[in-house]
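One structure below.
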Amino acid sequence: MVPFLDARFIENNIEEKIKMYSRKGFKGVKLLYVPEEDTTLRIGGMEKTFGQTGKQSERITSLIIETASSENMPILMHVDLRKYGDFVGEMIGSYPKTHFNIPHFGFSRKAISSLLDKYPNCYTDMSSLESFMEREPVSYKDFMTQYQDRILFGSDAVIGQPEKIQSSFEFIHRFLEDREVFHKLVNKNYKSYMNLPENKS
């Protein structure tokens, strides 16, 4: 297991904390970028939870990304690209040597496509999208084939839910007839995202 630091609650002494956790062995950073309330996902947002303005959320998130990048830590950034795509694009473009994963296809295949086309350091994952993929199998398969080198396997499972990882794995194995694309999603692309050598398991 490769530990990522959940940085959503870090507000102060950002540089010192990120560097400390990097030294302790954390290999990446997870960000939840929800400045405003998200009624669909029932997330209060940074403004409601921390009393931060949109600009403050941008500043804090930018500093976390800058510090993580200086520590060579890849970033997983949960964000709705339909609302915050411009900011995310600015961050990805500003740190071309840092790998970013925008999970759930950024809640918009159109928006994530734009980032994948423009930035070679941008990745995405298929976590929690099984129901959508079942409803539109052809369009999702086409999308995953087109961006087969930049999509990661994801399950959205947490510690203590191995059965969810297994069921997601079995789903994507059934869903993708192309074994080469399947291998990339569940193995090769993750190694690329984490800068791991190909022969390392």
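The values are calculated or read from the model by the stated rules, or taken from the named source; none is laboratory data. Not measured: the values here are computed from a predicted model. Heads up, the Cβs are rebuilt from the backbone with ideal geometry, glycines too, and the neighbour counts pull from every protein chain shown. These area figures cover heavy atoms from the full protein model, side chains too; ligands, DNA and RNA do not enter into them. Shrake-Rupley method; radii C 1.70, N 1.55, O 1.52, S 1.80 Å.
Some points to look at:
- Selection within the stretch 68-91 - surrounded by fewer than 22 Cβ atoms within 10 Å (Cβ to Cβ) and among the β-branched types (Val, Ile, Thr): none
- Qualifying residue in the stretch 99-114 (condition: under 17 Å from residue 181 (Cα atoms) and open to solvent by less than 20 Å² (accessible area, probe 1.4 Å)): yes
- Residue list for the stretch 170-201, restricted to those being within 26 Å of residue 117 (Cβ to Cβ) and open to solvent by 70 Å² or more (accessible area, probe 1.4 Å): 177, 178, 179, 180, 183, 188, 190, 195, 198
- Among the helices (runs of 4 or more DSSP H) confined to the stretch 57-144, the ones with at least 3 residues that are closer than 23 Å to residue 35 by Cβ and without any contact (Cβ under 8 Å) to a residue 40 or more places away in the chain are located at 81-94, 109-118.
- Output for the stretch 170-201, where each listed residue is acidic (Asp, Glu) and not in a helix (DSSP H, G or I): 177, 178, 198
- Single condition residue 28 does not satisfy, out of (1) of a type outside the set (S, T, N, Q); (2) more than 20 Å from residue 196 (Cβ to Cβ); (3) surrounded by 15 or more Cβ atoms within 10 Å (Cβ to Cβ); (4) modelled with pLDDT of 90 or more: (2)
- Residue within the stretch 40-50 that is modelled with pLDDT of 85 or more, open to solvent by 20 Å² or more (accessible area, probe 1.4 Å), in contact with a strand residue (DSSP E or B) (Cβ under 9 Å, 6 or more places away or on another chain) and within 21 Å of residue 154 (Cα to Cα) present: no
- Pairs linking a residue in the stretch 1-26 that is touching a residue at least 24 places away in the same chain (Cβ under 8 Å) and part of a helix (DSSP H, G or I) to a residue that is aliphatic (A, V, I, L, M) and surrounded by fewer than 18 Cβ atoms within 10 Å (Cβ to Cβ), with Cβ atoms under 7 Å and 6 or more positions apart or on different chains, are 14/63.
- For the stretch 151-169, the tally of residues that are part of a loop (DSSP other than H, G, I, E, B), open to solvent by less than 50 Å² (accessible area, probe 1.4 Å) and either in contact with a Leu (Cβ under 8 Å, 6 or more places away or on another chain) or over 22 Å from residue 99 (Cβ atoms) (or both) stands at 0.
- Among the residues making up the stretch 145-174, those that are without any contact (Cβ under 8 Å) to a residue 12 or more places away in the chain and within 16 Å of the chain's Cα centre (by Cα) are 157, 158.
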